[in-house]
Amino acid sequence: MTVQTENEYEDLLSLWSDLESGLGIILGSPASIQEFEQRVWQYDRWMQTLLKRDTDVGLYLLFQLATNSPVGYSASHALVSAVLCHLIALELKLDQTERDSLVHAAMTMNIAMTAMQDQLATQTEKPSPQQRDAIRAHAVKGGLMLANMGVANELWLDTISLHHDESTNKGELRAIPPVRRLARILRIADRYAAMISPRKSREGRSATDSARSIITNSAEQNDEVGHALVRAVGLCPPGTYVRLENKEVAVVMRRSSQPNQPHVAIVVNEAGALLNPPRLHRTSTGSPRIKSALAASAVRVRLNHHLILQLGAYAAQHP
């Protein structure tokens, strides 16, 4: 699928925003939602439909939404985590039952602290003792809440209950029980999504720094999940920013066959001036190479996203 006009861009952005808002509603008031489990399945199908249209465009819009504002943090975090878990599941070739339980756990893992999670994203002070207690208890409490609302899938529930349990790091990923495998994947997706998202108390980190942090910390357990994450979304995913060797700034549009050499749109020149229109550059074909990843907060210019996605479509059609 290509984005050829500003209206098409706005329509697609609205679909992702509506999905995020829908998740926010069911997570914010779960007790008032009839057929809660069916709603989660519905949002999962919606997410998959958007990703199937064009995974790179979906990632672009998702990372733009996730890294630009801490408002509605819980819903944004749930959606980013679910997309990451879906793509990791495909990369690791998990069976359908495990994939479904993993993605549904990602969407609902913080259901016991939704309002507090939004509050934490906008407060500058450290969590209070009461907040720390709620954070420690939310995984187990979330599983119990969902069970009380009629969710009967034990793999979904137990994955949530275990998703902060570091003992799941032990053992070869394929050799451990499914619930421990899914909890390990969910914990890594959760950490990565949290690192890239801004909060009032700190800026979001670059996606590259976040991925490297996870891979470094996972290396001791010979863990495949961090590497699967990078293979799935790239070291610099679509929608994130990079600085090139010649000091130009670019936004990543599409992944290439090399996780660290995506197709980018150069949006700021060496002098710091906005380039309009942006310029296509395939980092896999030669210089300038990517020098460093940038956090979204480092790019202050207003971008014309539909033109950038047009360039991305051109790059896909003319490899």
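Taken together, the values in this text are just the output of simple stated rules run on the coordinates, not laboratory data. None of the values given here were measured: they were computed from a predicted structure. All Cβ positions, even for glycine, are placed from backbone atoms using ideal geometry, and neighbour counts span all protein chains on display.
Which value in deg cm²/dmol, rounded to the nearest 500, describes the helix-derived mean residue ellipticity at 222 nm for the chain, given -39,500 (n - 2.57) per DSSP H run of n ≥ 4 and division by the residue count?
Rounded to the nearest 500, it is -18500 deg cm²/dmol.
Can you tell me the 0 to 90 degree angle between the C-alpha axis of helix 55-68 and the longest principal axis of the chain, rounded to 10?
80
Between A152 and E245, what is the spin-label point distance in nm, taking each point 7 Å from the Cα along the Cα→C-beta axis?
Going by the 7 Å Cα→Cβ label model, 6.1 nm.
Subtract the Cα-Cα distance of L144 and T124 from 0.36 nm times their separation in residues, and report this length gain in nm to one decimal.
That pair, L144 and T124, stretches by 4.2 nm at full extension.
Using the charge dipole of the chain (Lys, Arg: +1 at Cβ; Asp, Glu: -1 at Cβ; taken about the Cα centre), state which of A271, L102, V80 has its Cα farthest towards the positive end.
Most positive-ward Cα: A271.
Using a simple spin-label model with points 7 Å from Cα along the Cα→Cβ vector, what separation in nm is obtained for H227 and T49?
3.7
I'd like to know which of L92, V251, Q130 lies farthest towards the positive end of the charge dipole of the chain, counting +1 on Cβ of Lys and Arg and -1 on Cβ of Asp and Glu.
About the Cα centre, the residue reaching furthest to the positive side is V251.
Considering the dipole of the chain built from charges on the beta carbon (Lys and Arg +1, Asp and Glu -1) around the Cα centre, which of Y241, S287, M149 is farthest to its positive end?
Ranked along the dipole, the leading option is S287.
What trypsin sites (Lys or Arg not before Pro) in the range 91-144 are in a loop by DSSP, with at most 14 other Cβ atoms within 10 Å of the Cβ? All intermediate terms of the calculation are to be shown ahead of the outcome.
Details: sites: K93, R99, R132, R136, K141; in loops: K93.
Taking the range 91-144 and a limit of 14 other Cβ atoms within 10 Å, the loop trypsin sites (Lys or Arg not before Pro) found are K93.
Which of the three applies to the range 241-317, rounded, prolate or oblate, going by the alpha-carbon gyration tensor with a ≥ b ≥ c and a/c under 1.5 meaning rounded?
Details: a/c = 1.62, a/b = 1.15, b/c = 1.41.
Here the range 241-317 falls in the oblate category.
Find the centroid of the Cα atoms in the range 118-151 and in the range 15-86, then give the distance between the two in whole Å.
19
Just to confirm the number: angle between the C-alpha axis of helix 96-108 and the first principal axis of the chain, 0 to 90 degrees, nearest 10?
Taking Cα atoms only, the helix is inclined about 90 degrees.
Just how large is the dipole of the chain about the Cα centre, in debye to the nearest 20, putting +1 at every Lys and Arg Cβ and -1 at every Asp and Glu Cβ?
860
If R0 is 45 Å, what FRET efficiency do you get for T285 and L15 from their C-beta distance, rounded to 0.05?
Working: r = 33 Å, r/R0 = 0.73.
Calculated transfer efficiency: 0.85.
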